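Laboratory data are not the source of any read-out in this text; all were calculated from the coordinates shown. Everything quoted here is computed from the prediction, not taken from an experiment. With ideal geometry, Cβ positions are generated from the backbone for all residues, glycine too; neighbour counts draw on all protein chains shown.
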Amino acid sequence: MTVTPISAVMLGRALMLAAAVGTAAAQVAPPRAVALFQFTADDFWLNLHHYLYVLGRAHNGADSGQPAVASAPDDERQGRAALSDADRASWDDAVSAYESGLSRRSSVLQPPLAPMTVALATGGDTDTFPVATFDASTRSILERAAPIYRKGWWCASAPIQSLATPPHTVRWRAHRELRRAVAQRCRAAGRET
């Protein structure tokens, strides 16, 4: 075989390309498994936000056939029984604010609900509102509702949305197995269960 200047250049380029691809492939880190969802039992502010959203949907009649929305009024009645008249009035104000505002949004996966959820997801169970940059109106609603939610619902029942069967389905009331753990955490923190 005769090597011409053009074939030598082509061969050289092919070898350089192969070396570059090989080097780049060696430098790429292997993919690591990342969980799509993480369910925790200590996201107080996130759970308060979602609970008010679901109650607002129940009060305005949206999604009444969905299990989370259909069961929310019964759960709300149980928690309200432990509240004073003043707390019930404040709670009603918070639910009404969500009912006429954020709960009119049909999807929690779109703005403004999705960024709120992401911002609250790292808040944990703190006494003070965890997000410095947050919608002022919603923040005010959540801050006023927080002590009432702690009294009526947070320690009395498991506060998270948990995985149900099938594994990718989230249901609000599928949280019975967490009741004891939450009650123990609340007792340890000196809060009533």
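Some notes on this structure:
- Segment 110-141, residues that are in a helix (DSSP H, G or I) and out of contact with any helix residue (DSSP H, G or I) (no Cβ under 6 Å at 6 or more places or on another chain): Leu113, Ala114, Pro115, Met116, Thr117, Val118, Ala119, Ala136, Ser137, Thr138, Arg139, Ser140
- When segment 82-108 is limited to residues that are within 13 Å of Tyr149 (Cβ to Cβ) and of a type in the set (A, V, I, L, M, F, W, C), the one that is surrounded by the fewest Cβ atoms within 10 Å (Cβ to Cβ) turns out to be Ala82.
- Of Ser107, Ser103, all but one fail to be farther than 23 Å from Asp42 by Cβ, in a helix (DSSP H, G or I) and of a type in the set (S, T, N, Q); the exception is Ser103.
- Qualifying residue in segment 67-78 (condition: in contact with a strand residue (DSSP E or B) (Cβ under 7 Å, 6 or more places away or on another chain) and either under 12 Å from Tyr51 (Cβ atoms) or surrounded by 17 or more Cβ atoms within 10 Å (Cβ to Cβ) (or both)): yes
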